[in-house]
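Just so it is clear, none of the values below were taken in a lab; they were calculated from the coordinates. It should be emphasised that the depicted structure is a prediction, and the values quoted were computed from it without experimental measurement. Methodologically, a virtual Cβ is constructed for each residue, glycine included, from the backbone with ideal geometry; neighbour enumeration extends over all protein chains shown.
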Amino acid sequence: MRGFVVACVLLGLTTTVAVAEAKGKRAKKHAVEKHKKEEAAATPAKRERERGHEAKREDEIALPKKKKRDRSLGAPWSGSLQAAAKLPPGDGYFLRRPWRTYATRTTIDFVREAIKDTLESYPRVHTLAIGDFSQESGGKITEHASHQSGRDVDIGLFYKKQPEGYPASFVKGTKDNLDAAATWRLASLLARTSDEDGGVLMIFLDQKLQDVLVLWAEKHHISEKRIKEVQRVFHHIPLHTDHMHVRFKCRERDTSCR
C-alpha cells in the first residue's frame, strides 16, 4: 500500500513539472510571435531611427573625441594660438608672468631643452628669468607688438653676480656684469635648432651684447662654424640689452602660420 502511495505522489510531481514546462514554452512562443508582429507593424521610419540610435552608440564607443593639436595661426604680430602648450615652473628658472607662458609645443620643448642643458653645463649660475611667450589663445598682448602666435619668448641673461631685483625683473647686461660663458651657451643651443622643423628663426639682441658674446667665443676657441651659426640668427634691436627675444619658425604642419 505504501509503495502505491509513493508512486502516485511521484506521478503527480512529474505531471506538475511537465505542465509547467509546457506553459513556459507556450509563453516564450507567444512572446516571440508578439515581437515579430510588432517588428512587422513598425514603420520604416521608426526602424531607421532605432538603427540610427544603435549606430550612434557604437560610434561613440569606437571613436572617442580627438584632442586638438596645438597650432600657430597667422604672424607673430597678427596671429593667434590654438590648443597651446604651457611652460611649467621648474628648477633653475623663474616665470615672471605665468599667465603668459603659452606657446606651441615645439617652442616650449626647444626652450626647456636649451635651459636644461645650460644649467647642467653651468650648475652654479643663478636662476634665469623667463619673460613672456604668448597668452593662452594668443592675440594682442600688452607691452609687445608681437608675441601673438606662440612663437616668441623673452629670455633673461646670466650675470657674473645675480643683480638686485633679478629674476623678478630683467636687468641691463654689460660687458662687465654679463656671464658671457653661460649666456653664450644658452644662445648657441637655441641657435642650433635653426635647421629643425619649428626651430629658431631669430634671436633679437642689442649689437653691443652680441659683440661681447662673440668675443668671448673667439677667445675660448669656439669653432668658427658654431660662431657663424649663432651670428646667422642674431639680429640687432636697440635697447634689447636686458634679455634675448627669441622667435621660432613656422612648423610644416601649421599651414596657416606665417
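Label D117 and K140 with points 7 Å out from Cα along Cα→Cβ: what is the distance between them in nm?
Between D117 and K140, the simple spin-label model gives 3.8 nm.
At 37 °C and 0.692 mPa s, grab the translational diffusion coefficient of region 173-258 from Stokes-Einstein with a Kirkwood Rh over Cα pairs, rounded to a whole number in µm² per second. Don't skip to the end; give the middle numbers.
Working: Rh = 13.4 Å.
It comes out at roughly 245 µm²/s.
Return P(r) of region 71-248 (all Cα-Cα pairs; 5 Å bins starting at 0; whole %; ordered from short to long distances).
Reading the bins upward from 0: 1, 9, 18, 22, 22, 15, 8, 3, 0.
Work out from phi, with θ = phi - 60° and the Karplus expression 6.51 cos²θ - 1.76 cosθ + 1.60, the ³J(HN,Hα) of each residue of region 126-143, listed in order in whole Hz, and give x for Gly and Pro.
6, 4, 8, 7, 10, x, 7, 9, 9, 7, 4, 9, x, x, 4, 9, 4, 6
Return F170, F248, F94 ranked ascending by Cβ neighbour count within 10 Å, so the fewest neighbours appear first.
F94, F170, F248
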